[in-house]
Every structure is written in C-alpha cells, then in structure tokens.
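Structure, as structure tokens:
The values are calculated or read from the model by the stated rules, or taken from the named source; none is laboratory data. What you are looking at is a predicted structure, and each value in this text was computed from that prediction instead of being measured. Cβ placement follows ideal geometry from the backbone for every residue including glycine, while neighbour counts extend to all protein chains displayed.
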Amino acid sequence: MAGDSRERLAVWLEGDGVEIGALHHPLAVPPGAHVTYVDWLDEKGLREHYPELASETFAPVSVIASAEDLRAFADASLDFVIANHLLEHIEDPIRALSEFWRVLKPAGILYMALPDRRVTFDQGRQPTTIEHLFEERRNGPEANRRAHYLDWATNVDGKQGDEAEAHADRLLAKRYRIHYHVWTPDSFLDFFVALRREFGLDFQLVGYAAPQRSTDNEFILVLARPGAGVRLAPSPTLPPNVRRRLAQSPLGPPVRLAKRLLRQGRN
Ligand SMILES: C[S@@+](CC[C@H](N)C(=O)[O-])C[C@H]1O[C@@H](n2cnc3c(N)ncnc32)[C@H](O)[C@@H]1O
C-alpha cells in the first residue's frame with residue numbers, strides 16, 4: 001500500500017462515482033464525493049472467493065458488474081471511477097479501460113492504484129507486453145487463459161511440473177482472480193501512451209505517485225477525461241475535519257447540489 005499517496009491524490013475525487021473492487025480496502029474519499037461500490041460478485045460470493053479475508057469488513061457492494069461490462073452505467077454519467085488493485089485482475093484490461101472512459105463525464109477522473117511488479121509476489125514474472133494486451137483485446141482472453149494460470153502457479157506459487165499443471169487447473173476451475181497481467185510504473189506508462197495512440201483513450205495524466213517507502217507496493221495514476229480547459233485539482237477551502245462535519249450536517253446535501261451544478265457549468 002501507499003497510504004499517504006492514496007489520501008493525497010484522493011483530493012481529485014468529487015461528485016458521484018464508483019469504486020470497482022474495493023473489497024476490504026475502500027479508498028477514503030473527501031466529503032464531497034459519493035461512492036457506489038461495484039464488484040463482480042455479491043458479498044457472499046466475495047467471502048467464498050476470499051476466505052483469507054474472513055475477519056475483514058467489506059465495502060457494501062450495490063452493483064454487481066464486471067469492470068469489462070459496465071452497462072449498468074450510462075455513457076458520461078460518472079464524475080469518477082476508482083479502480084485500486086483491479087486492472088491486474090482483469091483478463092482484457094483495454095476493454096475495462098474503454099468502459100471507464102465511456103462512463104466518465106468530460107473532466108471525470110479515473111483513479112487507479114496498481115501493484116508494482118518489482119516489489120510484490122509478481123517479481124519472478126515477465127512484465128506484460130503491450131502486444132499481448134492488444135492481442136487480448138483483438139482476439140479475446142480465452143486463448144491465453146490457461147497460460148496465465150500456469151505462469152501464476154509456477155512463478156508466484158512456486159509449483160513445478162505436473163504439480164504446477166494441476167494447480168493451474170484448480171485455479172482456473174475456480175476462475176480465481178489471479179494477477180493476469182503485471183506492470184511497473186514505466187511499463188504502464190508505455191501502455192498508457194499506446195492506449196492513447198491506438199484506442200483513442202485520450203486520458204490526461206493529472207496525478208501520479210511512485211512507491212515511496214520500503215513498505216509501498218503500488219503506484220497510483222490519476223487520469224482525467226478531457227473536458228473544457230485544463231483539469232485543475234479541486235482546492236479544498238476548509239480544513240478536512242470542518243469539511244467532513246459540514247458534509248454530515250443538514251447543509252451537506254444543498255452544498256453538494258450547488259457544487260454539482262457548478263461542475264456541470266464548467267464542463
Ligand atoms: C485485490 S482486490 C482489491 C482490493 C482493494 N481495492 C485494494 O486496493 O486493496 C481485487 C478486487 O477486484 C475485484 N474484481 C476482480 N475481477 C473483477 C472484475 N472483472 N470486475 C469487477 N471486479 C473485479 C475483486 O472481487 C476484488 O474486490
């Protein structure tokens with residue numbers, strides 16, 4: 001995790017948005033942000049899938065949807081999408097990124113934390129190439145699926161030979177959400193540039209944090225859909241504790257409405 005950076009960059013979040021795959025670690029957002037939680041399973045399903053998190057509290061999922069198919073949300077309907085430690089679990093990341101692009105309003109924010117391959121259990125794996133991601137977008141993820149599970153069984157779980165094959169089959173049968181793909185900050189930036197060029201996902205990079213401490217295992221990107229003019233960071237005018245109390249008071253809803261109308265005027 002990179003706690004300080006997560007909080008510092010969350011200042012970009014305001015209005016109505018979603019967090020996809022929050023699980024037991026929802027992002028703390030500023031008082032002006034209202035979050036709907038989305039996941040591919042309901043809480044019962046998530047608890048079965050992640051038995052190791054039995055003692056954790058999960059974010060309340062209210063929309064069951066895959067990140068690659070967000071048809072529950074209309075085009076240009078959201079002020080932000082949060083996707084922390086999600087993209088590496090997606091078989092076709094370009095499809096998911098295209099969905100994030102579609103549902104964001106102009107000037108809307110995509111906030112993504114991603115594990116840095118160099119400092120996680122993915123160390124022993126080869127970085128995902130751009131060509132591989134493009135191929136999965138073109139031909140679908142099925143052809144590579146088994147190979148991803150075998151790579152995980154061998155290079156993350158340390159199995160060899162027949163044991164690796166059997167382990168890969170078990171994970172595949174459960175469709176366990178392994179890290180299908182792995183990045184470093186640099187390889188992700190290469191991917192980001194290629195996405196802009198080849199898929200027209202013309203996100204602008206407005207915030208970034210690299211791992212800063214030996215305990216950090218992630219890098220964070222804050223991307224904006226282009227809107228009118230340069231997307232500037234919202235500037236908090238009140239200290240966070242006062243803003244939080246204001247947001248929770250009866251004044252909170254009218255203040256949020258006024259901010260939303262102002263934002264619509266800006267976009
Ligand atoms: C490693 S957890 C991330 C938890 C938390 N966001 C964090 O930063 O630590 C991955 C989350 O993504 C969800 N997920 C995996 N594949 C998904 C998909 N295709 N669509 C939506 N959510 C997915 C998982 O159910 C889980 O909630």
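Tabulated results
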read-out	value
Pair list, Cβ under 8 Å, 6 or more apart: region 60-80 residue on the phi > 0 side of the Ramachandran plot, other residue more than 10 Å from the ligand (Cβ to nearest atom)	Ala76/Arg102; Ala76/Val103; Ala76/Leu104; Ala76/Lys105; Ala76/Pro106; Ala76/Gly108
Arg125 more than 30 Å from Leu13 (Cβ to Cβ) and touching a Leu at 6+ places or on another chain (Cβ under 7 Å)	no
Residues of region 19-71 that turn out to be outside any loop (DSSP other than H, G, I, E, B), away from the ligand (no atom under 12 Å from the Cβ) and of a type in the set (Lys, Arg), as a count	1
Condition met for Ala143 (at pLDDT below 95 and among the aliphatic types (A, V, I, L, M))	yes
Count - residues of region 75-97 that are under 26 Å from Pro234 (Cβ atoms) and of a type outside the set (Phe, Trp, Tyr)	14
Only listed residue being more than 16 Å from the ligand (Cβ to nearest atom) and outside any helix (DSSP H, G or I), chosen from Ala74, Ala143, Ala147	Ala74
Subset of region 213-229 (residues that are out of contact with any helix residue (DSSP H, G or I) (no Cβ under 6 Å at 6 or more places or on another chain) and more than 20 Å from Trp12 (Cα to Cα))	Arg213, Ser214, Thr215, Asp216
Criterion violated by Pro106 - all others in (1) part of a strand (DSSP E or B); (2) not assigned by TED's automatic domain parsing to the domain that holds Arg196 satisfied	(2)
Count of residues meeting criterion [within 21 Å of the chain's Cα centre (by Cα) and not basic (Lys, Arg)] in region 153-182	6
Options Trp101, Trp183: the member that is crowded, with 19+ Cβ neighbours inside 10 Å, under 26 Å from Pro226 (Cβ atoms), away from the ligand (no atom under 15 Å from the Cβ) and among the aromatic types (Phe, Trp, Tyr)	Trp101
Subset of region 4-60 [farther than 24 Å from Gln248 by Cα, modelled with pLDDT under 95 and within 16 Å of the chain's Cα centre (by Cα)]	Ser5
